[in-house]
Amino acid sequence: MQKNFDFIVVGNGASGLLAANRLVKFGRVALVSKGDIRESNTYQAQGGIAGVMHALDSVQSHVQDTLRAGAGLCHEEVVQRVIERGSSTIQNLISLGTGFDHHEGELHLTQEGGHSNRRIAHAQDATGQAISNTLATHLHANDNIHFFKQHMAIDLITTHQMGCFREQKNRCLGLYVLSPIGEILSLGALHVILATGGVGKVYMYTTNPSVATGDGMAMAWRAGCPMMNLEFMQFHPTTLYHAQSPSLLLSEALRGEGAHLLNKSGHRFVFDYHEKGEMASRDIVARAIDHEIKKTAQDCMFLDARHLGKPCLQRHFPNISKRLLGLGLDMSTQQIPIVPAAHYMCGGVQTTLSGQTAVDSLYVVGESACSGLHGANRLASNSLLECLVMAELCVESILKTDVPAPTQRLPTWDSGGIFKQKERIQIKQNWHELRATMSNYVGIVRSDERLHRALRRQQMIQEEMTAYYWQHPVDRDLLELRNISLLSELIIRSALQRKESRGLHYSLDYPEFNAKKEDTVLSPH
Ligand code: FAD
Ligand code: SIN
């Protein structure tokens, strides 16, 4: 079945919701999402959104902090443009009704690692939830929006895939989606925006929800888009170490408000690695924890927030406190066990700041994209800002682009016709093996030997999955495994190309910086 729209947006995180909000004023929008709004990285965001909101702060200071964190790989003009829009982006969210915290009539700004000033606007410790709810509420009030809830985008449909090479440049015409009842629909549009978020699920331990399987990145790659800087996976230093809740993030804002990191002997060990201690940038703190865990043969380190006092913890961190209490842990009286976990993909589909890709009429925004803002390491709380700025610029760019309506009818999904219903243990095994391989060999500290070992295993899994894919009806589990398997190969290949240590990529074989500052670009052709 084919359905046509003016615009298709895939993903209902910050970037997708904002793009859809803007586009509904100009045409019929299909908003496709495989989960509800709670299942996005956006909804889980705790710390806040960075922007220059205080008279004593400056755009230049925020720019410098972003460049320093990015370790020489940020695209400076992109950084300047995004940071300049920080204050208006936050003001816009406030005018839409986002309930950021205030103190004595002023916006309350918190601090996070790598920032020289307090500049993080937040809604207690559930900023992403507040932003998502605000944007979703405005969208529901509009007739032009068509929700495809619990629908999973599978692959893009492009002119080149349809064999139309007469068109000089490949153009995106739409995509295939899997409905909740297993039907596959073809959706057509003049413009397609992928806002499908990150790829944390390639690792065993991640702060990301289960939807983060890099689907948009994999779809864009299969459609012909180059990928940039995929070796830079950011590990968040402080995720709860607990068997019952392995992915609970303990916001960096806790350290911003004064919480300490301790080893088993009670020593604030991060100062042994960097003069800024707990407030050093995330790559440094995560590596310090990893090193300390290995050096002392402990399972975890500890976050100590006891001295902040119960009233402060209750006021600023009510959700984290409640979730910990549910596990029998009280931050006001106990040190909390923590480990680093995969958190944010700094690389992604190579795009402009407006989300333009190598394929006409195809845009990628938010965490799936690599605009050049983050370089080799993202500064905390710059991601929500990037999502919203990119979504706005993307819509502005689309509205300026006049494209002819496609003349071709979209092909229906070809199921191949060969259905062997084999046992599914292979899927389960490959999910597990792939994520364990990435965690053990492509983690915070890397070496060529580990990366080659990971690549060999990963290629074997990918061969198996490709054969399985062509012989079985598709379902979400299989499609996601296909995508994380492709993305892990691309992450490993990117890491092997970088013969230096920079930002989030640390190699035992190449511990030094290269003089040349180059992005890693992989091309599908
Ligand atoms: P997401 O918000 O992840 O949304 C992706 C959407 O795409 C989801 O709706 C998903 O269902 C949908 N989707 C994916 N694949 C498909 C498919 N195949 N078909 C249909 N739909 C699909 N950043 C900050 O700046 N500040 C913070 O305080 C902060 N805290 C964070 C805390 C946590 C726990 C995490 C995980 C991240 C945090 N980040 C933070 C990072 C930031 O939240 C994300 O980078 C950002 O929200 C990504 O937004 P997005 O719109 O690109 O994608
Ligand atoms: C956090 O609250 O620590 C997450 C902030 C971020 O990832 O930007």
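We did not get these values from a lab; they are worked out from the coordinates using the rules stated. Predicted, not measured: the structure shown is a model, and the values here were computed from it. Please note: Cβ atoms are built from the backbone with ideal geometry, for glycine as well, and neighbour counts cover all protein chains shown.
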Under a straight-distance cross-link criterion of Cα-Cα below 17 Å, which lysines are reachable from Lys400, leaving out those fewer than 8 residues away in the same chain? Lys25
Whole-number percent relative contact order across segment 159-287, with pairs defined as alpha carbons under 8 Å at least 6 apart: 13 percent
For the table Lys201/Lys276; Lys322/Lys428; Lys264/Lys516; Lys34/Lys428, the rows whose alpha-carbon distance is greater than 29 Å are Lys201/Lys276; Lys322/Lys428; Lys264/Lys516
Those residues of segment 236-258 whose amide nitrogen sits under 13 Å from the label point placed on Val445, 7 Å along Cα→Cβ: none
At a 10 angstrom cut-off on C-beta neighbours, averaged per residue, how do the peptides 156-163, 318-325, 247-254 rank from highest to lowest? 247-254, 156-163, 318-325
Pairs of alpha-carbon atoms within less than 8 angstrom and 6+ residues apart define the contacts here; what relative contact order does segment 381-525 have, in percent? 23 percent
Take each uninterrupted DSSP H stretch in the chain, measure its Cα extent along the helix axis, and return the ones at 18 Å or beyond whose mean Kyte-Doolittle hydropathy is at least 1.0. 382-400
Non-local amide H neighbours of Ile154 (under 5 Å, H modeled in plane, Pro and chain starts lacking H): which ones? Tyr176, Val177, Leu178
With just the Cα atoms defining each centre, how far is segment 7-66 from segment 333-368? Give it in Å. 12 Å
What number comes out for the charge environment of Gln60, summing +1 per Lys or Arg and -1 per Asp or Glu over other residues with Cβ under 13 Å away? -2
Full-extension gain in nm, Glu463 to Asp402, via 0.36 nm per residue minus C-alpha separation: 17.8 nm
If one computes the Cα centroid of segment 452-473 and of segment 205-258, what distance in Å separates the two points? 23 Å
Between Glu84 and Glu423, Cβ-based FRET efficiency (R0 51 Å, step 0.05) works out to 0.35
Only sites in a loop by DSSP and with at most 16 other Cβ atoms within 10 Å count here; which GluC sites (Glu not before Pro) in segment 136-237 make the cut? Glu167, Glu183
Net charge contributed by nearby residues that have their C-beta within less than 12 Å of Ile83 (K/R +1, D/E -1): -3
For segment 1-145 the translational diffusion coefficient, Stokes-Einstein from a Kirkwood Rh over Cα pairs at 4 °C and viscosity 1.567 mPa s, in µm²/s, is roughly 78 µm²/s
Give, rounded to the nearest 20 debye, the magnitude of the charge dipole that the chain has about its Cα centre when Lys and Arg contribute +1 at Cβ and Asp and Glu contribute -1 at Cβ. 680 debye
Using R₀ = 56 Å, calculate the FRET efficiency as 1/(1 + (r/R₀)^6) where r is the Cβ-Cβ separation of Ser265 and His525; round to 0.05. 0.55
Among the GluC sites (Glu not before Pro) in segment 417-506, which ones are in a DSSP loop with at most 14 other Cβ atoms within 10 Å of the Cβ? Mind listing them? Glu423
Please report the base-10 log of the normalised intensity I(q)/I(0) for the chain, using a Debye sum with one equal scatterer per alpha carbon and no solvent, at each q in 0.10, 0.11 (1/Å). -0.76, -0.93
What stretch of the chain, leaving out the sites themselves, is the longest with no chymotrypsin sites (Phe, Trp or Tyr not before Pro) in a DSSP loop having at most 15 other Cβ atoms within 10 Å? 166-418
Ranked highest first by the average count of other Cβ atoms within 10 Å around their residues, in what order do 208-217, 188-197 fall? 188-197, 208-217
Expressed in nm to one decimal, what extension gain is obtained for the pair His274 and Ser179 from 0.36 nm per residue of sequence separation less their Cα-Cα distance? 29.2 nm
Between Val59 and Met162, what is the label-to-label distance in nm when each label sits 7 Å out along the Cα-to-Cβ direction? 4.3 nm
log10 I(q)/I(0) for segment 133-188, Debye formula on C-alpha points only (no solvent), q = 0.13, 0.25 Å⁻¹, two decimals, reads -0.50, -0.94
At 0.36 nm per residue, minus the direct Cα-Cα distance, what do Glu106 and Asn92 gain on full extension? Give it in nm, one decimal, please. 3.4 nm
Here, Ser245 and His138, labelled 7 Å along Cα→Cβ, have an inter-label distance in nm of 3.2 nm
